[in-house]
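Just below is one structure, and these are the notes that go with it.
The values are calculated or read from the model by the stated rules, or taken from the named source; none is laboratory data. These numbers come from a predicted model, not from an experiment. Heads up, the Cβs are rebuilt from the backbone with ideal geometry, glycines too, and the neighbour counts pull from every protein chain shown. Just so you know, the surface numbers come from the protein's heavy atoms only, side chains and all, with ligands and any DNA or RNA stripped out. Shrake-Rupley method; radii C 1.70, N 1.55, O 1.52, S 1.80 Å.
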Amino acid sequence: MRQTMEKAAIWTGHLSRLALWAAGAGLVLMTALIAAQVVWRYILNDSIIWTEPASVMIMGWFIFLGAAVGIREGYHLSFDVLLYVLPLRAKLVLYSISDIAVTAFGIGMIWFGWQLAARTAGNVLPSLGISGAFDFAPLVAGGILIVLFSIERVLRRAAGLPTARFGEDPEAA
């Protein structure tokens, strides 16, 4: 199981890096669109009608992709007071319970994001000319990555591989 998880971790590491690069590119693109809108509106006394909705959609992408990468890297929120007094074995069990709860959250993101996309698929975003379902695509994609990365964390721990946690040395976990 350990070798299988090590190979899977390489694949999910590449996927995580790709998501992080896409999130970073989205942040830069959103910033450029907002800057262009400011220039057009206040200097050229005109307006680009599609930059605001496009920027909001791009923001959804970089938020949810970045959140999924943060979960893989162990940067999600946690309440660790009890963990300071527990032995390592109990900590590992609670870490896995936390990752399972995050998995359930990701499943909810997929399920409800898909429902929202389906209900808005017939609507057209006027300034972009695309389906309203595209507004919820980042929610579904982020949910898929959150589920994948959370399951990876549980399986890594079960295989005895180090699993990163915020504020800890990943080799010690």
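Some points to look at:
- Relative to the compact-globule estimate of 2.2 N^0.38 Å, the Cα radius of gyration of the stretch 97-152 comes out at 1.31.
- Heavy atoms of Thr12 accessible to a 1.4 Å probe, total area in Å² rounded to 10: 10
- Over the chain, Cα pairs under 8 Å with separation of 6+ residues give a relative contact order of 27 percent.
- Residue (of Phe136, Ser47, Gln115) at the positive-pole extreme of the chain, dipole from beta-carbon charges: Gln115
- Chymotrypsin sites (Phe, Trp or Tyr not before Pro) within the stretch 64-173: DSSP coil, no more than 12 neighbouring Cβ in 10 Å: Phe79, Phe166
- Amide H contacts of Ile130 (H built 1.01 Å from N, under 5 Å, at least 5 apart or other chain): Leu125
- Taking Cα centre as origin and charging only the Cβ of basic (Lys, Arg, +1) and acidic (Asp, Glu, -1) residues, the dipole magnitude of the chain rounds to 420 debye.
- Ratio of the Cα radius of gyration of the stretch 64-173 to 2.2 N^0.38 Å, where N counts its residues: 1.32
- With a Förster radius of 35 Å applied to the C-beta separation of Thr31 and Leu82, the computed FRET efficiency comes to 0.30.
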